[in-house]
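Student: Would you mind keeping the following structure in view while I ask a few things?
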Amino acid sequence: MADRIRWTPSGSGAAIFEAAAGDRGDWPLLFAPLVTRAAQLDLGVEDVYLAWEITRLADDSLSTGEQKALLLLILAARAAAAEGSTRLPVEASGHLDRILAALSLSEDEHKDVDQLLRKAETAVASSESAESGSGLANIFGGPTDYRPLIFDHGYLYIQKLHVLEARVGQNLRERIGNGSDKTEKDRGRRRGTKPDPLIEKALAEVFATPPEGPFGKAELDDRQKEAVRTALAGKITVVSGRPGSGKTSIVATILRVLARLDSPSLGSIALAAPTGKAADRMRRAIADHLKAIPGAGEADHRLLEKSPPSLTLHRLLGYSPGQERFRHDEHNPLAEELVIVDESSMLDLALFDQLLRALRTEARVVFLGDADQLPPIGSGAVLRDLCRSKKAAAQGRVVILDKSYRAREEAAEGRSILEAAAAINRGLSPLKTESGEAAAIRVAVPELIFKGVKYLTPGNEEQKEEFFTRWYERLLEAPIDLKKYLSRTYISGSTGFTGEDAEALGELISYYESERILCVTRVTAGGTGSDEVNAWFHHRWLEENRLVERAAGNPRFLVGEPVLMTQNDYSLRLYNGDSGLILNVSTTAGARIRPAEPMALFPRGGSFAAFPLGTLYGRLEPAWATTVHKAQGSEYDRIAIILPAQPVRPLTRELLYTAVTRARRSVTFIGPVDALEWGAGRTMERDSGLVDMLDNA
């Protein structure tokens, strides 16, 4: 029987269980089929094996039915964590029932799980010890216990997530409650104390000298000014707003004020983001802000020359991939007195915990992001929870920005993008807004001009390819001499790329980064996954450039193809999500110029860095199209959103909102109307206890 199971889709799992079970030959037959059932929740063999190992802690005290129920419950907790939740409600709830239903539980199995839960809760409530004979006491515990699974206020936690959430909650409570200077400021007003005149003078000077943009002076609105003042007067500040709401302007303004006060000094400030791309974009945006100030003062010039470094959070915290640990924590805190973190919605619970532990007690931290965007890939949604916390709001530590300056409301295309995002955020399709006027306009492929929000319903495969062809042709309609720039050999010397090469690279990569096709999933979804879309464009690029004869067996990457990093490489300072371009590059060694070869070029600190493709093997993928998750933190002039033919679990309101808000000028939806409506009507089910910890402590 075991031999036969080994050849089924769950056979590899069966072999593992059989080898580990020893003389308990019935265990593989009992548990191995769950590998296939667990796969419905994206759980692998390793998850089933871990659940089995935990189940074995109960020894022989449980019946076969109870062992199976325990295994199913552990898998449900693992599935909730894989979806991003930190906990699983054990009372009657749609969340638990949905997960158990996905595991294809029979009526009897569901009853066994319910009975096991009641038995485990009773054991924990009565403080039953392992010596009392109940094997469940080896597995379940209360909030202060060290057990694989923890009961806390009607929820079931994996122990590690319970520890992380409790620690983050404690750190945030201390910063919000004890660290907030707003309370002290209010007390000072009652005593008649005046605001600090030095701060007020610096604020007045900075507010009076805003940068100038294409629409005139880019003055901060009242909500942005409130965010600046909040950040200057507390140990924690949270600023949430849609893309283009001026969060970077707030950061630049904070730095300008501090440059005038020199307290803290610029050298004790750090700028950080989850990805290298986001960190680099923040650095460039701050520099552009400072350069656009007419008659900038001495402090502004000094800030432009000696701006605080903009780093990835992993680099700031000193992550060592070899040791798989961070250098900075509560025992070796950061020296910085102020840390400003952009794109904070991408930070999961573990990274939030690491940063908060690494901050000195007196240090200040500012989190900026968009709480309505996709939550992080890992567990938790800390930025969202902070914005929902009544205590954080009551203490004045949260500022919500409600206006967008990216897609200018004065322009018709900007208004349509804002209306589409607002409709999705309310759970509506952009084709059916509350006002009765759809933000998205239905068109056919020949009518596409890539302005505003358009909706295209391809009726067959030919029409989808017709759109791909139109998008491809649009790429070739470049305002630069694309053929000349792509056929050129770029020379990288000891100081990198200089002169005409650097200028050409800036224009070329900027153009490629102006548009992107966004997909819901990476793998096949009826031909709508990013892998299949990238394959179409790769083949078309191969044919268009007549590289078939010299392509050496259809190479994975061709000159002129956009690429994306899929893993972090800390030694090369390349990070998951960094995007670049394949170009011919020749490097110099002294007076010798090496022969040109295709390399991957990435923006870096105002310049560019080139890497031979061999050094990045297995960590690059084409980026004609990418998933919405990979595009988070990026912005483009034009995007196309490819909707799957059938509903898929990642298609949610948050994903659609994140996708739409990547665009400045044009959004094109391609796919069935039902998919758009279904996605806008679904929210991500992510359960967290952080708000309760903040508000009810």
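The values are calculated or read from the model by the stated rules, or taken from the named source; none is laboratory data. Worth saying up front: this structure is predicted, and the values here are computed from it rather than measured. Cβ sites come from the backbone with ideal geometry, for glycine too, and all protein chains shown count toward neighbours. Surface areas here come from the heavy atoms of the whole protein model, side chains and all, with no ligands, DNA or RNA. Shrake-Rupley method; radii C 1.70, N 1.55, O 1.52, S 1.80 Å.
Student: Based only on Cα atoms, what mean projected area does the convex hull of region 439-539 have, in nm²?
Tutor: On the way: hull surface 35.2 nm².
Its Cα hull, projected and averaged over all orientations, spans 8.8 nm².
Student: Can you give me the P(r) profile for region 209-352? Cα pairs, bins 10 angstrom wide beginning at 0, each as a whole percent.
Tutor: With a bin width of 10 Å, the distribution comes to 11, 40, 36, 11, 2, 0.
Student: If all Cα-Cα distances of region 52-168 are sorted into 5 Å bins from 0 onward, what percent lands in each bin, rounded to whole numbers?
Tutor: It works out to 2, 12, 24, 26, 21, 11, 4, 1, in whole percents.
Student: Using Cα pairs closer than 8 Å and at least 6 residues apart in sequence, work out the relative contact order for the chain, in percent.
Tutor: Normalised by residue count, the contact order of the chain is 13 percent.
Student: Among the lysines, which fall within straight-line cross-link reach of Lys306, defined as a Cα-Cα distance under 16 Å, with same-chain neighbours fewer than 8 residues apart omitted?
Tutor: Lys306 reaches Lys291.
Student: A follow-up question, please. Given H placed on each backbone N at 1.01 Å, which residues far from Ala371 in sequence or on other chains put an amide H within less than 5 Å of it?
Tutor: Gly241
Student: Taking the Cα atoms of region 555-665 alone, what are Rg (to one decimal) and Dmax (as a whole number) in Å?
Tutor: Rg, Dmax (Cα atoms, Å): 16.7, 59.
Student: For region 430-519, what's the relative contact order in percent, using C-alpha pairs closer than 8 Å and at least 6 residues apart? Intermediate values should be presented prior to the final figure.
Tutor: Values: 45 pairs, mean separation 13.2, N = 90.
Relative contact order comes out at 15 percent.
Student: Now for a separate question. Using +1 at the Cβ of each Lys and Arg and -1 at the Cβ of each Asp and Glu in the chain, identify which of Tyr472, Ser310, Ala39 lies farthest towards the dipole's positive end.
Tutor: Working it through, the farthest residue towards the positive pole turns out to be Ser310.
Student: By the scheme Lys and Arg +1, Asp and Glu -1, what is the net charge of all other residues having a beta-carbon under 14 Å from that of Arg573? Each step should come with its number before you reach the end.
Tutor: Values: positive: Lys277, Arg283, Arg315, Arg604, Arg619; negative: Asp280, Asp569, Asp578.
Taking every other residue near Arg573 into account, the sum is +2.
Student: If you don't mind, another one. Calculate I(q)/I(0) for region 193-283 by the Debye formula, one identical point scatterer on each C-alpha and no solvent, and give its log10 at q = 0.15, 0.16, 0.21, 0.25 Å⁻¹ to two decimals.
Tutor: Taken in order of the listed q values, log10 I(q)/I(0) reads -0.63, -0.72, -1.23, -1.57.
Student: Across 20 Å bins from the origin, how do the percents of Cα pairs in the chain run, short distances first?
Tutor: 16, 45, 33, 6, 0
Student: Quick one: give the max-minus-min coordinate of the C-alpha atoms of region 321-425 along each principal axis, largest first, in Å.
Tutor: Principal extents (Cα only, largest first): 53, 36, 23 Å.
Student: Let me ask another. What size of dipole, in debye to the nearest 20, comes out for region 544-697 about its Cα centre when the only charges are +1 on Lys and Arg C-beta atoms and -1 on Asp and Glu C-beta atoms? Kindly include the intermediate steps, with their values, before the conclusion.
Tutor: Values: 17 positive and 16 negative charges, 133 e Å.
So the dipole magnitude of region 544-697 works out to roughly 640 debye.
Student: Shifting gears a bit: Once you charge only the Cβ atoms, +1 for Lys and Arg and -1 for Asp and Glu, what is the size of the charge dipole of region 568-647 about its Cα centre, to the nearest 20 debye?
Tutor: On the way: 7 positive and 6 negative charges, 48 e Å.
Computed about the Cα centre, the dipole is about 220 debye.
Student: Do any of Lys464/Lys630; Lys403/Lys630; Lys217/Lys483 go past 32 Å between their Cα atoms, and which? Let's see the in-between values first.
Tutor: On the way: Lys464/Lys630 23 Å; Lys403/Lys630 25 Å; Lys217/Lys483 38 Å.
The pairs that break the limit, which is 32 Å between Cα atoms, are Lys217/Lys483.
Student: I would also like to ask the following. At a 1.4 Å probe radius, which order do Glu677, Glu330, Glu107 fall into by accessible area, largest first?
Tutor: Listed by decreasing accessible area, they come as Glu107, Glu330, Glu677.
Student: Taking a cut-off of 14 Å, what percent of all Cα-Cα pairs in region 614-697 are separated by more than that?
Tutor: Numbers: 2466 of 3486 pairs.
More than 14 Å apart: 71 percent of the Cα pairs in region 614-697.
Student: At 1.4 Å probe size, with every protein chain present, just tell me what the per residue accessible area of the chain comes to in Å².
Tutor: On the way: 30800 Å² over 697 residues.
In whole numbers, the chain has 44 Å² accessible per residue.
Student: Return a whole-number percent for the relative contact order of region 574-689, with Cα pairs under 8 Å and 6 or more residues apart as the contact set. List each step's numbers first, then the result.
Tutor: Numbers: 139 pairs, mean separation 22.5, N = 116.
Over region 574-689, the number comes to 19 percent.
Student: Right, another one. If r is the Cβ-Cβ distance from Glu685 to Leu57 and R0 is 35 Å, what FRET efficiency results, to the nearest 0.05? Present the calculation step by step, with values, prior to reporting the outcome.
Tutor: Details: r = 29 Å, r/R0 = 0.83.
Once rounded, the FRET efficiency stands at 0.75.
Student: If I compute solvent accessible area with a 1.4 Å probe over the protein chains, what percent of it on the chain is carbon and sulfur? Walk me through the numbers before you get to the answer.
Tutor: Numbers: 15250 of 30800 Å².
The computed percentage sits at 49.
Student: Mind checking which lysines have their C-alpha under 25 Å from Lys68, skipping anything on the same chain fewer than 8 residues away?
Tutor: Straight-line reach from Lys68, under 25 Å: Lys111, Lys119, Lys160.
Student: Another question about this same structure. Cα-based Rg (one decimal) and Dmax (whole number) for region 257-305, in Å?
Tutor: In Å, with Rg to one decimal and Dmax whole: 11.9, 34.
Student: Quick check: the distance between the Cα centres of region 228-246 and region 303-327, to the nearest angstrom?
Tutor: 22 Å
Student: Assigning unit charges at the beta carbon (Lys, Arg +1; Asp, Glu -1) and nothing else, what dipole magnitude in debye, to the nearest 20, does the chain show about its Cα centre?
Tutor: Details: 87 positive and 96 negative charges, 417 e Å.
So the magnitude is around 2000 debye.
Student: In the chain, what % of DSSP beta bridges are antiparallel (nearest 5)?
Tutor: 40 percent
Student: Could you tell me what % of all Cα pairs in region 654-697 have separations over 16 Å? Walk me through the numbers before you get to the answer.
Tutor: Values: 542 of 946 pairs.
Percentage above 16 Å: 57.
Student: Here's a follow-up. Taking the Cβ of Trp678 as the centre, find all other residues whose Cβ is under 12 Å away and add up their charges (Lys, Arg: +1; Asp, Glu: -1). Could you put the intermediate results ahead of the total?
Tutor: On the way: positive: Arg649, Arg653, Arg682; negative: Asp674, Glu677.
Result for the local shell: +1.
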